[in-house]
Amino acid sequence: MMTEELIKTYLNSLRLDFNLFKDSIKEVSDDIMNEDFSQYPIFVAHQAEVALGEIILDREELQTNFTYQASILEDFVSKNIIKPNNVNKFKEAFKDPKKFCCIFLVTEYGAQFVFVPFEITEEKHTE
């Protein structure tokens with residue numbers, strides 16, 4: 001189980017990578033939808049081997065924090081990562097893929113879905 005502090009650390013690392021490659025990821029996401037593979041593109045971000053989707057950005061080649069693989073909801077269902085009886089709940093929670101990237105973040109502590117906006121606004125830090 002990931003602590004809140006550990007989640008923040010992973011999300012910050014993910015954000016750094018994502019900011020570098022968001023245009024490429026968005027293009028793949030649009031292609032998945034425009035070519036009717038799925039209306040639910042999912043990108044798997046990981047640091048170890050994951051047999052899910054196709055590699056689009058390799059962390060070792062690019063010297064980044066995560067490798068990104070492109071996948072789709074239907075693949076997650078066929079591999080029983082998302083149970084068939086939870087598909088409708090997932091679809092309801094899924095954010096507009098033209099505005100948000102659905103990332104399945106896989107770490108040594110577990111995995112979780114996160115939605116990252118393609119257009120990232122500057123965060124205001126208040127303390």
* Kindly provide log₁₀ I(q)/I(0) values, in the same order as q = 0.16, 0.24 Å⁻¹, from the Debye equation applied to equal alpha-carbon scatterers of segment 30-91. => -0.56, -1.00
* Structure fact -> So the pair-distance distribution of segment 1-47, from every Cα-Cα distance in 5 Å bins, comes to percents of 5, 19, 21, 19, 15, 12, 7, 2
* Asked: Picking from I81, I32, I72, which is most flexible by a Gaussian network model of the chain using Cα springs under 10 Å?
  -> I81
* Give the long-range amide H neighbours of I72: residues separated by 5 or more places, or on another chain, with amide H under 5 Å away, using H modelled in the peptide plane at 1.01 Å from N. => I42
* Asked: Can you work out the FRET efficiency for the pair N85 and K8, with r the C-beta to C-beta distance and R0 = 30 Å, to the nearest 0.05?
  -> 0.40
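Find, among the GluC sites (Glu not before Pro) in segment 1-96, those assigned to loop by DSSP (not H, G, I, E, B) with at most 12 other beta-carbon atoms within 10 angstrom. The partial results should precede the final answer.
Working: sites: E4, E5, E27, E35, E49, E54, E60, E61, E74, E92; in loops: E35, E49.
Within segment 1-96, the qualifying GluC sites (Glu not before Pro) (loop, at most 12 other Cβ atoms within 10 Å) are E35, E49.
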* **Among H46, Y68, A111 the positive-end extreme of the charge dipole of the chain (Cβ point charges)** => A111
* Using helices alone, what [θ] at 222 nm do you get for the chain, with -39,500 (n - 2.57) per DSSP H run of 4 or more residues, divided over all residues and rounded to the nearest 500? -> -11500 deg cm²/dmol
* **Set of lysines near K22 by C-alpha distance (under 28 Å), chain-local residues within fewer than 8 positions excluded** => K8, K79, K89, K91, K95, K98, K99, K124
* Asked: In degrees from 0 to 90, rounded to the nearest 10, what is the angle of the helix 4-34 Cα long axis to the longest principal axis of the chain?
  -> 40 degrees
* The list (1) 42, 32, 32; (2) 55, 30, 26; (3) 50, 28, 18 gives values of Cα extents along the principal axes in Å, and only one came from this structure; which label was calculated from it? -> (1)
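Starting with the fewest neighbours, write out K79, K26 ranked by other beta-carbon atoms found within 10 Å of each beta-carbon.
Working: K79 11, K26 17.
Ranking K79, K26 by Cβ neighbours within 10 Å, fewest first, gives K79, K26.
To the nearest 20 debye, what charge dipole does the chain have about its Cα centre, counting +1 at the Cβ of each Lys and Arg and -1 at the Cβ of each Asp and Glu?
On the way: 13 positive and 23 negative charges, 105 e Å.
Computed charge dipole of the chain: roughly 500 debye.
Every number in this text was worked out from the coordinates using simple rules, so none of it is lab data. Because the structure is predicted, anything quoted here is derived from the model rather than measured. Glycine gets a Cβ as well: all are built from the backbone with ideal geometry, and neighbour counts include every protein chain shown.
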